[in-house]
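The values are calculated or read from the model by the stated rules, or taken from the named source; none is laboratory data. No experiment lies behind these values; they were computed from the predicted model shown. FYI the Cβ positions are ideal-geometry reconstructions off the backbone, even for glycines, and counts take in every protein chain you see. Ligands, DNA and RNA are excluded from the accessible area calculation, which covers all protein heavy atoms including side chains. Shrake-Rupley method; radii C 1.70, N 1.55, O 1.52, S 1.80 Å.
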Amino acid sequence: MIGFRTIEAGPARADSAEKSRRRMQARPVVLTIVLSVLAYGSLSFVSDSSPVQANINPPSGEAMPIGNLPGWKQVFTEDFVSGNVPVGEFPGGMYGAKWSENYADGTPDTAAQLNEARSGYFPSRVLSVKDGVLDMYLHSENGTSMGAAPSPKFSETSGRPYNSQVYGRYSVRFKADPLPGYKTAWLLWPDSKQWPEDGEIDFPEGDLAATIFAAMHGTGSAEGELIDMFHTTATFSSWHTATIEWNPGRVEFFLDGRSIGISTTSTPDKPMHYILQTESCLPVCPAPETSGHLYVDWVAIWEKS
(Lines give C-alpha, C1' and ligand atoms only; values in the text may rest on other atoms or scores of the structure.)
Protein backbone atom coordinates (compact mmCIF):
# COMPACT_ATOMS: atom_id res chain seq x y z
CA MET A 1 0.00 0.00 0.00
CA ILE A 2 1.37 3.44 -0.94
CA GLY A 3 0.62 6.30 1.44
CA PHE A 4 0.83 10.04 0.70
CA ARG A 5 1.94 12.63 3.22
CA THR A 6 0.47 16.12 2.76
CA ILE A 7 2.39 19.02 4.29
CA GLU A 8 0.00 21.68 5.41
CA ALA A 9 1.85 24.94 6.14
CA GLY A 10 0.28 28.32 5.64
CA PRO A 11 -0.67 29.26 2.04
CA ALA A 12 0.65 25.95 0.68
CA ARG A 13 -2.44 24.11 2.01
CA ALA A 14 -4.61 25.05 -1.00
CA ASP A 15 -1.88 24.09 -3.49
CA SER A 16 -1.36 20.79 -1.71
CA ALA A 17 -5.06 19.97 -1.74
CA GLU A 18 -5.29 20.77 -5.42
CA LYS A 19 -2.30 18.51 -6.19
CA SER A 20 -3.93 15.65 -4.24
CA ARG A 21 -7.18 16.10 -6.18
CA ARG A 22 -5.32 15.97 -9.50
CA ARG A 23 -3.39 12.90 -8.37
CA MET A 24 -6.61 11.05 -7.56
CA GLN A 25 -8.08 12.01 -10.94
CA ALA A 26 -4.99 10.64 -12.67
CA ARG A 27 -5.30 7.20 -11.09
CA PRO A 28 -8.01 5.85 -13.46
CA VAL A 29 -5.87 6.93 -16.42
CA VAL A 30 -2.80 5.19 -15.02
CA LEU A 31 -4.84 2.08 -14.24
CA THR A 32 -6.19 2.03 -17.80
CA ILE A 33 -2.67 2.25 -19.21
CA VAL A 34 -1.43 -0.54 -16.95
CA LEU A 35 -4.31 -2.81 -17.90
CA SER A 36 -3.73 -2.09 -21.58
CA VAL A 37 -0.07 -2.98 -21.25
CA LEU A 38 -0.92 -6.21 -19.46
CA ALA A 39 -3.46 -7.16 -22.11
CA TYR A 40 -1.08 -6.29 -24.92
CA GLY A 41 1.57 -8.40 -23.24
CA SER A 42 -0.08 -11.45 -24.77
CA LEU A 43 0.95 -10.10 -28.18
CA SER A 44 4.58 -10.26 -29.21
CA PHE A 45 6.42 -9.24 -32.33
CA VAL A 46 8.16 -11.54 -34.77
CA SER A 47 9.12 -8.61 -36.97
CA ASP A 48 8.77 -4.85 -36.83
CA SER A 49 5.67 -4.87 -39.04
CA SER A 50 2.74 -6.37 -37.16
CA PRO A 51 1.92 -8.14 -33.89
CA VAL A 52 1.44 -11.91 -33.91
CA GLN A 53 -0.82 -13.64 -31.43
CA ALA A 54 -0.57 -17.34 -30.63
CA ASN A 55 -3.60 -19.58 -31.02
CA ILE A 56 -5.18 -19.59 -27.56
CA ASN A 57 -6.80 -23.00 -28.17
CA PRO A 58 -4.09 -24.98 -29.99
CA PRO A 59 -4.98 -28.52 -31.11
CA SER A 60 -1.98 -29.92 -29.24
CA GLY A 61 -2.81 -28.20 -25.96
CA GLU A 62 0.39 -26.13 -26.03
CA ALA A 63 0.49 -22.67 -27.55
CA MET A 64 3.16 -21.68 -30.03
CA PRO A 65 5.91 -19.56 -28.39
CA ILE A 66 5.83 -15.97 -29.61
CA GLY A 67 8.64 -13.46 -29.21
CA ASN A 68 12.34 -13.19 -28.64
CA LEU A 69 14.24 -15.20 -26.03
CA PRO A 70 17.54 -14.43 -24.28
CA GLY A 71 20.15 -14.78 -27.00
CA TRP A 72 17.59 -15.52 -29.73
CA LYS A 73 15.57 -13.29 -32.08
CA GLN A 74 12.43 -14.89 -33.49
CA VAL A 75 12.33 -14.92 -37.29
CA PHE A 76 9.53 -17.37 -38.15
CA THR A 77 6.25 -18.64 -36.70
CA GLU A 78 3.47 -20.79 -38.11
CA ASP A 79 0.53 -22.35 -36.29
CA PHE A 80 -1.62 -23.15 -39.34
CA VAL A 81 -4.65 -21.08 -38.41
CA SER A 82 -4.99 -19.19 -41.70
CA GLY A 83 -7.47 -21.75 -42.99
CA ASN A 84 -7.84 -25.26 -44.35
CA VAL A 85 -6.06 -26.42 -47.51
CA PRO A 86 -7.06 -29.74 -49.12
CA VAL A 87 -4.64 -32.44 -50.20
CA GLY A 88 -3.06 -31.44 -53.48
CA GLU A 89 -3.17 -27.68 -52.89
CA PHE A 90 -0.60 -27.02 -50.16
CA PRO A 91 0.87 -24.50 -49.68
CA GLY A 92 -1.51 -22.57 -51.93
CA GLY A 93 -2.43 -18.96 -51.42
CA MET A 94 -2.89 -19.25 -47.68
CA TYR A 95 0.56 -20.62 -46.85
CA GLY A 96 2.63 -20.00 -49.98
CA ALA A 97 4.31 -16.93 -48.52
CA LYS A 98 5.75 -18.96 -45.64
CA TRP A 99 6.07 -22.53 -46.93
CA SER A 100 7.39 -24.55 -49.84
CA GLU A 101 6.58 -28.17 -50.61
CA ASN A 102 10.34 -28.22 -51.29
CA TYR A 103 10.48 -31.39 -53.42
CA ALA A 104 8.24 -32.13 -56.40
CA ASP A 105 6.16 -35.30 -56.68
CA GLY A 106 8.31 -38.32 -57.43
CA THR A 107 11.54 -36.95 -55.97
CA PRO A 108 13.42 -39.94 -54.53
CA ASP A 109 13.75 -39.93 -50.76
CA THR A 110 16.84 -41.15 -48.89
CA ALA A 111 16.03 -44.86 -49.20
CA ALA A 112 15.23 -44.56 -52.90
CA GLN A 113 18.55 -42.83 -53.51
CA LEU A 114 20.62 -45.25 -51.45
CA ASN A 115 18.78 -48.54 -51.83
CA GLU A 116 16.55 -48.03 -54.87
CA ALA A 117 13.51 -48.48 -52.64
CA ARG A 118 10.06 -47.72 -54.05
CA SER A 119 9.60 -44.62 -51.94
CA GLY A 120 9.68 -40.89 -52.43
CA TYR A 121 8.27 -37.45 -51.79
CA PHE A 122 4.75 -36.80 -53.07
CA PRO A 123 3.54 -33.53 -51.51
CA SER A 124 0.41 -33.37 -53.69
CA ARG A 125 -0.70 -36.74 -52.29
CA VAL A 126 0.38 -36.16 -48.70
CA LEU A 127 0.14 -32.54 -47.47
CA SER A 128 -2.92 -30.62 -46.31
CA VAL A 129 -4.00 -28.27 -43.53
CA LYS A 130 -7.08 -28.97 -41.46
CA ASP A 131 -8.37 -27.64 -38.15
CA GLY A 132 -5.17 -25.86 -37.23
CA VAL A 133 -2.60 -28.53 -38.08
CA LEU A 134 -0.41 -29.47 -41.02
CA ASP A 135 -1.51 -33.01 -41.90
CA MET A 136 0.83 -35.46 -43.60
CA TYR A 137 -1.20 -38.40 -44.92
CA LEU A 138 1.40 -41.15 -45.16
CA HIS A 139 0.40 -44.06 -47.36
CA SER A 140 1.31 -46.13 -50.43
CA GLU A 141 -0.05 -45.98 -53.95
CA ASN A 142 0.78 -48.49 -56.67
CA GLY A 143 3.49 -50.03 -54.51
CA THR A 144 5.25 -46.74 -53.71
CA SER A 145 5.29 -45.39 -50.17
CA MET A 146 4.79 -41.63 -50.05
CA GLY A 147 6.20 -38.97 -47.76
CA ALA A 148 6.88 -35.24 -47.95
CA ALA A 149 9.53 -32.74 -46.86
CA PRO A 150 8.06 -29.23 -46.62
CA SER A 151 10.29 -26.32 -45.65
CA PRO A 152 9.55 -22.98 -43.94
CA LYS A 153 10.31 -19.79 -45.87
CA PHE A 154 11.74 -16.72 -44.17
CA SER A 155 10.20 -14.44 -46.80
CA GLU A 156 7.60 -14.68 -49.53
CA THR A 157 10.19 -14.13 -52.24
CA SER A 158 12.94 -16.33 -50.83
CA GLY A 159 14.09 -19.20 -53.01
CA ARG A 160 15.84 -22.39 -52.14
CA PRO A 161 17.13 -22.99 -49.49
CA TYR A 162 14.31 -20.81 -48.07
CA ASN A 163 15.42 -20.43 -44.43
CA SER A 164 19.20 -20.40 -44.50
CA GLN A 165 21.13 -19.19 -41.46
CA VAL A 166 24.21 -19.94 -39.40
CA TYR A 167 23.15 -21.03 -35.90
CA GLY A 168 19.56 -20.91 -34.71
CA ARG A 169 16.84 -22.27 -32.48
CA TYR A 170 14.14 -24.51 -33.99
CA SER A 171 10.99 -25.73 -32.21
CA VAL A 172 8.21 -27.93 -33.60
CA ARG A 173 5.08 -29.41 -32.01
CA PHE A 174 4.00 -32.76 -33.49
CA LYS A 175 2.46 -36.21 -33.09
CA ALA A 176 1.83 -39.18 -35.39
CA ASP A 177 -0.01 -42.46 -35.75
CA PRO A 178 2.25 -45.49 -35.13
CA LEU A 179 3.18 -46.33 -38.72
CA PRO A 180 5.98 -48.92 -39.02
CA GLY A 181 8.25 -48.13 -41.93
CA TYR A 182 7.55 -44.38 -41.99
CA LYS A 183 9.92 -42.05 -40.16
CA THR A 184 10.89 -38.48 -39.47
CA ALA A 185 14.34 -37.05 -39.96
CA TRP A 186 13.48 -33.39 -39.47
CA LEU A 187 16.82 -31.81 -39.99
CA LEU A 188 19.20 -28.97 -40.55
CA TRP A 189 20.89 -29.65 -43.88
CA PRO A 190 23.93 -27.75 -45.23
CA ASP A 191 23.22 -25.19 -47.95
CA SER A 192 26.39 -26.38 -49.67
CA LYS A 193 24.93 -29.89 -50.04
CA GLN A 194 28.40 -31.09 -49.08
CA TRP A 195 27.65 -34.07 -46.88
CA PRO A 196 29.10 -35.28 -44.64
CA GLU A 197 31.78 -32.57 -44.81
CA ASP A 198 29.46 -29.77 -43.62
CA GLY A 199 27.46 -31.84 -41.14
CA GLU A 200 23.79 -32.59 -40.44
CA ILE A 201 21.56 -32.15 -37.39
CA ASP A 202 18.44 -34.36 -37.00
CA PHE A 203 15.65 -34.00 -34.43
CA PRO A 204 13.09 -35.43 -34.03
CA GLU A 205 14.19 -38.60 -35.78
CA GLY A 206 12.80 -42.12 -35.63
CA ASP A 207 10.36 -44.66 -37.01
CA LEU A 208 6.81 -43.53 -36.23
CA ALA A 209 6.12 -46.82 -34.46
CA ALA A 210 9.24 -46.51 -32.29
CA THR A 211 10.85 -43.93 -30.00
CA ILE A 212 12.20 -40.45 -30.70
CA PHE A 213 15.91 -39.69 -30.85
CA ALA A 214 18.32 -36.96 -31.94
CA ALA A 215 21.30 -37.50 -34.22
CA MET A 216 24.36 -35.35 -34.82
CA HIS A 217 26.50 -35.86 -37.92
CA GLY A 218 29.53 -33.68 -37.27
CA THR A 219 31.48 -31.82 -39.89
CA GLY A 220 34.10 -33.84 -41.68
CA SER A 221 32.79 -37.16 -40.35
CA ALA A 222 33.00 -40.23 -42.53
CA GLU A 223 29.90 -40.95 -44.58
CA GLY A 224 27.17 -42.37 -42.39
CA GLU A 225 29.14 -41.85 -39.19
CA LEU A 226 27.24 -40.47 -36.22
CA ILE A 227 29.12 -38.17 -33.90
CA ASP A 228 26.41 -38.22 -31.22
CA MET A 229 23.02 -39.87 -30.77
CA PHE A 230 20.62 -39.14 -27.93
CA HIS A 231 17.74 -41.54 -27.28
CA THR A 232 14.45 -41.02 -25.43
CA THR A 233 11.64 -43.31 -24.32
CA ALA A 234 9.01 -41.01 -25.84
CA THR A 235 6.91 -42.21 -28.77
CA PHE A 236 5.31 -40.27 -31.60
CA SER A 237 1.78 -41.20 -30.54
CA SER A 238 1.53 -38.27 -28.08
CA TRP A 239 2.07 -34.57 -28.65
CA HIS A 240 5.68 -33.48 -28.15
CA THR A 241 7.78 -30.39 -28.70
CA ALA A 242 11.27 -30.92 -30.12
CA THR A 243 13.78 -28.07 -29.96
CA ILE A 244 17.25 -27.73 -31.46
CA GLU A 245 19.57 -25.02 -30.13
CA TRP A 246 22.50 -24.67 -32.52
CA ASN A 247 25.24 -22.46 -31.12
CA PRO A 248 28.92 -22.01 -31.98
CA GLY A 249 30.63 -25.20 -30.86
CA ARG A 250 27.51 -26.65 -29.26
CA VAL A 251 24.17 -28.22 -30.23
CA GLU A 252 21.63 -29.02 -27.52
CA PHE A 253 18.44 -31.02 -27.99
CA PHE A 254 15.29 -30.57 -25.90
CA LEU A 255 12.15 -32.70 -25.79
CA ASP A 256 9.19 -31.06 -24.06
CA GLY A 257 11.50 -28.52 -22.46
CA ARG A 258 13.98 -31.02 -21.03
CA SER A 259 17.50 -31.41 -22.38
CA ILE A 260 18.18 -34.88 -23.77
CA GLY A 261 21.77 -34.27 -24.81
CA ILE A 262 24.51 -31.85 -25.81
CA SER A 263 26.92 -32.33 -28.70
CA THR A 264 30.16 -30.33 -28.73
CA THR A 265 32.15 -32.27 -31.33
CA SER A 266 32.62 -31.06 -34.92
CA THR A 267 29.72 -28.61 -34.69
CA PRO A 268 28.54 -27.29 -38.09
CA ASP A 269 29.50 -23.66 -38.66
CA LYS A 270 28.25 -23.01 -42.19
CA PRO A 271 24.75 -22.02 -43.38
CA MET A 272 22.07 -24.69 -42.98
CA HIS A 273 18.34 -24.86 -43.63
CA TYR A 274 15.44 -26.60 -41.89
CA ILE A 275 13.33 -29.32 -43.54
CA LEU A 276 10.47 -31.43 -42.14
CA GLN A 277 11.80 -34.51 -43.95
CA THR A 278 9.30 -37.35 -43.60
CA GLU A 279 10.08 -40.53 -45.50
CA SER A 280 10.05 -44.34 -45.43
CA CYS A 281 11.95 -47.58 -46.03
CA LEU A 282 14.77 -46.94 -43.57
CA PRO A 283 15.56 -49.67 -42.91
CA VAL A 284 12.30 -51.52 -43.77
CA CYS A 285 9.52 -50.33 -46.05
CA PRO A 286 5.98 -50.05 -44.69
CA ALA A 287 3.43 -52.69 -45.57
CA PRO A 288 1.26 -51.60 -48.53
CA GLU A 289 -1.80 -51.29 -46.32
CA THR A 290 -0.05 -49.11 -43.71
CA SER A 291 -1.49 -45.61 -43.71
CA GLY A 292 -2.12 -42.85 -41.26
CA HIS A 293 -1.30 -39.29 -40.30
CA LEU A 294 1.47 -37.15 -38.90
CA TYR A 295 0.36 -33.80 -37.50
CA VAL A 296 2.29 -30.56 -36.99
CA ASP A 297 0.63 -28.01 -34.73
CA TRP A 298 3.24 -25.27 -35.00
CA VAL A 299 6.79 -24.35 -35.97
CA ALA A 300 8.86 -21.52 -34.49
CA ILE A 301 12.39 -20.46 -35.48
CA TRP A 302 14.88 -17.99 -34.00
CA GLU A 303 18.22 -16.62 -35.16
CA LYS A 304 21.24 -16.06 -32.96
CA SER A 305 21.14 -12.52 -31.52
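Can you tally the net charge around residue 73? Count Lys and Arg as +1, Asp and Glu as -1, for every other residue whose Cβ sits under 9 Å from the Cβ of residue 73.
On the way: positive: 304; negative: 303.
Charge balance in the 9 Å sphere: 0.
Taking the Cα centre of the range 248-297 as origin, work out the dipole magnitude from +1 charges on Lys and Arg Cβ and -1 charges on Asp and Glu Cβ, in debye rounded to 20. Walk me through the numbers before you get to the answer.
Details: 3 positive and 6 negative charges, 49 e Å.
Once rounded to the nearest 20, the dipole reads 240 debye.
Quick check on the range 241-302: take the gyration tensor over C-alpha atoms, sort the square-rooted eigenvalues as a ≥ b ≥ c, and tell me if it's rounded (a/c under 1.5), prolate or oblate.
Values: a/c = 2.24, a/b = 1.81, b/c = 1.23.
Verdict is prolate for the range 241-302.
Would you check the accessible area of residue 66, probe 1.4 Å, heavy atoms only, in square angstrom rounded to 10?
The accessible area comes out at roughly 40 Å².
Of 287, 213, 259, which is farthest along the charge dipole of the range 192-305 in the positive direction, counting Lys and Arg as +1 and Asp and Glu as -1 at C-beta?
Going by the charge dipole, the pick is 259.
Give the ranking of 130, 153, 98 by solvent-accessible surface, highest area first, calculated with a 1.4 Å probe. Provide the component values of the computation, followed by the final result.
Working: 130 120, 153 25, 98 75 Å².
Largest to smallest exposure gives the sequence 130, 98, 153.
Using a 1.4 Å probe and ignoring any ligands, DNA or RNA, find the accessible area of residue 124 and quote it in Å² to the nearest 10.
Surface accessible to solvent at residue 124 totals approximately 40 Å².
Contour minus end-to-end for residue 247 and residue 289, with contour as 0.36 nm per residue of separation and end-to-end as the Cα-Cα distance? Working shown, then result.
Working: separation 42, 0.36 × 42 = 15.12 nm, distance 4.23 nm.
My answer for the length gained is 10.9 nm.
Taking a threshold of 25 Å on the Cα-Cα distance, which of the pairs 183/270; 175/304; 270/304; 130/153 fall above it? Intermediate results must be reported in sequence, preceding the final value.
On the way: 183/270 27 Å; 175/304 28 Å; 270/304 14 Å; 130/153 20 Å.
Where the Cα-Cα span goes over 25 Å, the pairs concerned are 183/270; 175/304.
Leaving ligands, DNA and RNA out of it, work out the accessible area of residue 105 with a 1.4 Å probe and give it in Å² to the nearest 10.
Spelled out: residue 105, probe radius 1.4 Å, area about 70 Å².
Placing +1 at every Lys and Arg Cβ and -1 at every Asp and Glu Cβ, with all other atoms neutral, what dipole size does the range 138-259 have around its Cα centre, in debye to the nearest 20?
Numbers: 9 positive and 16 negative charges, 84 e Å.
Dipole magnitude for the range 138-259 comes out near 400 debye.
Work out how much length residue 192 to residue 118 would gain on full extension: take 0.36 nm times their residue separation and subtract the Cα-Cα distance, in nm to one decimal.
Numbers: separation 74, 0.36 × 74 = 26.64 nm, distance 2.72 nm.
Here the answer is 23.9 nm.
According to the square roots a ≥ b ≥ c of the eigenvalues of the Cα gyration tensor, what is the shape class of the range 64-192, taking rounded for a/c under 1.5, prolate for a/b larger than b/c otherwise, and oblate for the remainder?
Because a/c hits 1.5 or more and a/b exceeds b/c, the range 64-192 counts as prolate.
Give a quick list of GluC sites (Glu not before Pro) in the range 119-201 that DSSP marks as loop, anything other than H, G, I, E or B, with at most 16 other Cβ atoms within 10 Å.
On the way: sites: 141, 156, 197, 200; in loops: 156, 197.
When the GluC sites (Glu not before Pro) of the range 119-201 are filtered for loop state and at most 16 Cβ neighbours within 10 Å, 156, 197 remain.
Run the quick spin-label model on residue 256 and residue 210: label points 7 Å from Cα toward the beta carbon, then report their separation in nm to one decimal.
It works out to 2.1 nm between the two label points.
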